[in-house]
Amino acid sequence: MTDKDLYGGLIRLHILYHAAIEPVFGLGIMEELQRHGYDISAGTLYPMLHGLERKGYLISSRESGGRSPRRVYTITGKGRSALNDAKIKVRELFGELIRGC
């Protein structure tokens, strides 16, 4: 297992979190993740976005307005509920990680 294997869930939570604030798109969320230290390629990110959509956590639409249309992802009710549940679990885990060091 690589370190990247450990971070996949955190990256998905980041995506849901930001999609709960406003719709996200690939390049924009990739840049946001880079600000948090995640070096993620489009080849890794887009399958994650598609997977979150397939599972019903996100819904996408095509948005035009720039040079070319882009796919924009918005959180669903199921995604919002999953994010709220994850916040409880993450808070508990991080508490244990911090106290355990």
By a straight-distance test (C-alpha under 24 Å), which lysines pair with residue 78 as possible cross-link partners, with residues fewer than eight away in the same chain excluded?
-> 55, 87, 89
Looking at the P(r) of the range 19-63, how many percent of alpha-carbon pairs lie beyond 13 Å?
-> 57 percent
Positive dipole terminus of the chain, leading residue within 98, 51, 40 (C-beta point charges) | 51
For the range 45-101, what does the alpha-carbon gyration tensor say about shape, rounded, prolate or oblate, given a ≥ b ≥ c as the root eigenvalues, a/c under 1.5 as rounded, and a/b over b/c as prolate?
-> prolate
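State the extension gain, in nm to one decimal, for the chain segment bounded by residue 7 and residue 97, taking 0.36 nm per residue of separation less the distance between their alpha-carbons. Don't skip to the end; give the middle numbers.
Values: separation 90, 0.36 × 90 = 32.40 nm, distance 1.51 nm.
In short, 30.9 nm is gained.
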Go ahead and estimate [θ] at 222 nm for the chain from helices alone: -39,500 (n - 2.57) per DSSP H run with n ≥ 4, summed, over the residue count, rounded to 500.
-> -22000 deg cm²/dmol
Once amide H atoms are built 1.01 Å from N in the peptide plane, which residues 5 or more positions from residue 57, or in another chain, come under 5 Å H to H?
-> none
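Rounded to a whole number, what is D in µm²/s for the chain from Stokes-Einstein with the Kirkwood radius over alpha-carbon pairs (10 °C, 1.306 mPa s)?
Reported coefficient: 110 µm²/s.
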Roughly speaking, what is the stretch gain from residue 21 to residue 67, that is 0.36 nm per residue apart minus the C-alpha to C-alpha distance, in nm to one decimal?
-> 14.1 nm
Add +1 for every Lys or Arg and -1 for every Asp or Glu among the other residues with Cβ under 12 Å from the Cβ of residue 44, and state the total.
-> 0
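Rule-based calculations on the coordinates, nothing more; no lab input. Computed from a prediction, not measured in an experiment: that's the story for all the values here. Using ideal geometry, Cβ is built from the backbone for each residue, glycine included, and neighbour counts are taken over all protein chains shown.
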